[in-house]
Amino acid sequence: MPVDMLVFDLDGTLLRNDKTVSDYTVAVLRRCREKGILVALATARSHWVAQRIVDIVQPDALIVNGGALAFAKGERVVDRRFSAETTDALLAAIGKCPSLEHITMGTEEGYFVTWEYAKHADHAKAIKTDFSKPLGMRAYKITPSFMDEKDAHRVAALFPECDMTGFTGEKWYRFSPKGADKLAALRAISGKLSIPLDNMAAFGDDWNDLDMIRGCGTGIAMGNAIDVLKRAADQVCLSNEEDGAARWIEAHLL
């Protein structure tokens, strides 16, 4: 099956552990475009926090907020947000959890957090708030950090209209509108660009990449991926620290 589009998760996949994308990887992606292969990014990051990488890679398609917002050739093709009422109710329920540490929230108006970020390019536009008052905004995602995983499941049980996803090795849990995932966003991009899912190759490392790894024509798990993803993938490449995605592309497509 030909590969007409490459789809990359960011953290743990296209990015090294220091959150950089190597010059080698950028050069490989440039060669892909010269060959007519499109490039897409699919990340749980908000569009505010993904912007630095977007500026470097210049993708043909972009999925952010884990699938709640997506663009193809610069045109918005997915926009899935909670209502303002659900957003405020979800924040209130999260705020009552005894093991809560922090909250982040991605909206059209900005990226909101409960602590002062260090001066890092990815978080330069973060807005500090304690979420103590209703904000009246429609969130793409709300991501609390809990010391006790049970709190995440308790909140999820109160809101059947949302999906909850955890991140391996972290205490963060993403709450998003039900069905707003990476594969659903790829289907919208597929329709817009007339590229079948079978002609896409997707790279990932964690739970929120599982559906797109299974749903695309070729699914590649990173060498550092969770075991479930490796078992579901068609192939396993080297780790993100070894530029595994770019090396797989060079070996199989270039």
- Can you spot a residue in region 85-96 that is over 21 Å from residue 170 (Cα atoms), in a loop (DSSP other than H, G, I, E, B) and out of contact with any Ser or Thr (no Cβ under 8 Å at 6 or more places or on another chain)? no
- Item | Members of region 42-61 that are crowded, with 19+ Cβ neighbours inside 10 Å and either polar (S, T, N, Q) or under 14 Å from residue 246 (Cα atoms) (or both) | 43, 46, 57
- Filtered residues of region 49-59 (kept if farther than 20 Å from residue 220 by Cα and either under 12 Å from the mean Cα position of the chain (by Cα) or not in a helix (DSSP H, G or I) (or both)): 49, 50, 58
- Message: I need the strands (runs of 3 or more DSSP E) fully contained in region 158-246, keeping only those with at least 2 residues that are more than 13 Å from the chain's Cα centre (by Cα), surrounded by 17 or more Cβ atoms within 10 Å (Cβ to Cβ) and in the same structural domain as residue 41 (by TED's automatic domain parsing).
- Response: 200-204, 218-221
- Query: Yes or no: residue 128 of a type in the set (Lys, Arg), farther than 13 Å from residue 80 by Cβ and without any contact (Cβ under 8 Å) to a residue 24 or more places away in the chain?
  - Reply: yes
- Note on the structure: Picked from region 1-41 (must be β-branched (Val, Ile, Thr) and under 18 Å from the mean Cα position of the chain (by Cα)), the residue surrounded by the fewest Cβ atoms within 10 Å (Cβ to Cβ) is 20
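The values are calculated or read from the model by the stated rules, or taken from the named source; none is laboratory data. As the structure is a computational prediction, the values presented were derived from the model and not from experiment. Every residue, glycine as well, gets a Cβ built from its backbone with ideal geometry; the counts of neighbours run over all protein chains shown.
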